[in-house]
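First comes the structure, then the notes that go with it.
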Amino acid sequence: MSTSSLTRARAGDQAAFRELAEPHQRELQVHCYRMLGSLQDAEDALQETLMSAWRGLDRFEERASLRAWLYRIATNRCLNMLRDRGLRPRASAPALPFDPPPPTRLGELTWLEPYPDELLEGIPDSTPGPDSRYETREAIGLAFITALQRLPPRQRAALVLRDVLGFRAAEVAQALDTSEATVNSALQRARSSLEHRLPPSRERAPTPGSARERELADTFADAFEQGDMDSVVALLTEDAWVTMPPQPLEYHGRETIAAFLRHAASRRHAGGRTILVPTRANGQPAFGHYSLEPGSELARGTGVLVLTLAEDRIAMITRFGGAELVRRFGLPPTLSGDGSRTIRS
């Protein structure tokens, strides 16, 4: 950190403040996403963090690094947002375009959103501290983010700061305005709960970007676009899940998933098509999901579909609904209905 930049920023120089804060912005947004599970909420939390830091720069006493101070602000902004979220009534998810079969269960994480891999670029590899327990790849994975959202907010904050980012217990206690004993107690409970919720096969997924990962993703996309749901089901693990935020419906196991997928495919309008455009989310293969209605020349983006892999199979298919998500992944809102296959890598 440049002392002259800090001096100029404290004197009201916004350009100097941007110079100080910009190197940390991407990692701070990822931190907010881990805390909140929503890309949109993470963006809002980051902007509130930067505004608060700018207005309160005189309170930065330099006893800790600027990075640690920004993380403290961001963490507490996220905790405030989680508290407020719990006080607001949740909007109902839009109805599916068909009557779905009975689900295995109704999920609670309807606000969950995927995180574009391109926003992970430029984050320093040295971000995790020496005491971190999770590698960066796992700590952004959809299974990890989902498990985090099921922890109480302050347990979640303690675990992310300590085990993902590697801050010392004393730093975490300072960020949360509590004692080290309280932090260690929260960590013990959070670690136990998180490990119970994470899938045991998570460490055996194909390497991101590997030939095996591409083969699995392409095979899935070919079968899904063609409506060959038997081939899709053949790619799944025995205990696979299908979820679809903001819909609460969740389907577990090959047989139940097969019934859902076949039912959904049978309700597709004659002459309609599904087009999948490759992208990446949460360090995993993903697709922009487009629907081409009969008689239309344009396929419209309707959401993002993310694959969670385990060994040589697909352990989870998560379809996130919403045309806005397509834009957030840098994908076009519409596609010509005649050239989808030419853009797959």
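Computed from the coordinates by the stated procedures, all read-outs in this text should not be read as laboratory data. Just so it is clear, the model here is predicted, and its values are computed rather than measured. Neighbour counts are summed over all protein chains in view; Cβ atoms, including those assigned to glycine, are modelled from backbone coordinates with ideal geometry.
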Query raised in the report: In whole angstrom, and with the biggest value first, how far do the Cα coordinates of the range 1-86 range along each principal axis?
Result: 41, 20, 20
Query raised in the report: Which ordering of 121, 43 is given by a fewest-first count of other beta-carbon atoms within 10 Å?
Result: 121, 43
Query raised in the report: If we count other beta carbons within 10 Å of each Cβ, what is the order of 207, 274, fewest first?
Result: 207, 274
Report task. Beyond 26 Å, what share of the Cα-Cα pairs of the range 203-343 is found? Please give it as a whole percent. Result -> 19
Query - Structure-based [θ]222 nm, the chain - -39500 (n - 2.57) summed over DSSP H runs of at least 4, per residue, nearest 500 - result: -13500 deg cm²/dmol
Requested in this report: Starting from 0 in steps of 5 Å, tell me what percent of the Cα-Cα pairs of the range 134-198 lands in each bin.
Outcome: 4, 20, 32, 24, 14, 6, 0
Query - In the range 48-114, the chymotrypsin sites (Phe, Trp or Tyr not before Pro) that fall in loop regions by DSSP, at most 15 other Cβ within 10 Å - result: 98
Query - Cα-projected label distance for residue 218 with residue 106, points at 7 Å along beta-carbon direction, nm - result: 4.2
Query raised in the report: Whole-Å semi-axes of the range 105-215's equivalent ellipsoid, largest first, each the root of 5 times a Cα gyration tensor eigenvalue?
Result: 26, 18, 13
Requested in this report: Sort 325, 57 so the one with the fewest other Cβ atoms within 10 Å of its own Cβ comes first.
Outcome: 57, 325
Query raised in the report: When only Cα pairs under 8 Å and 6 or more residues apart are kept, what is the percent relative contact order across the chain?
Result: 16
Report summary line: Amide H proximity to residue 310 below 5 Å, modelled H, separation 5+ or other chain, gives 315
Query raised in the report: Amide H to amide H, which residues 5 or more places from residue 236 or on other chains are under 5 Å from it, using H placed in the peptide plane?
Result: 314
Report task. Would you kindly give the portion of the calculated P(r) for the chain that falls above 39 Å, as a percent of all Cα pairs? Result -> 20
Query - Counted charge near residue 5, where neighbours are those whose Cβ lies closer than 12 Å (Asp, Glu -1; Lys, Arg +1) - result: 0
Requested in this report: Can you tell me the relative contact order of the range 152-289? Whole percent, Cα pairs under 8 Å, sequence separation 6 or more.
Outcome: 14
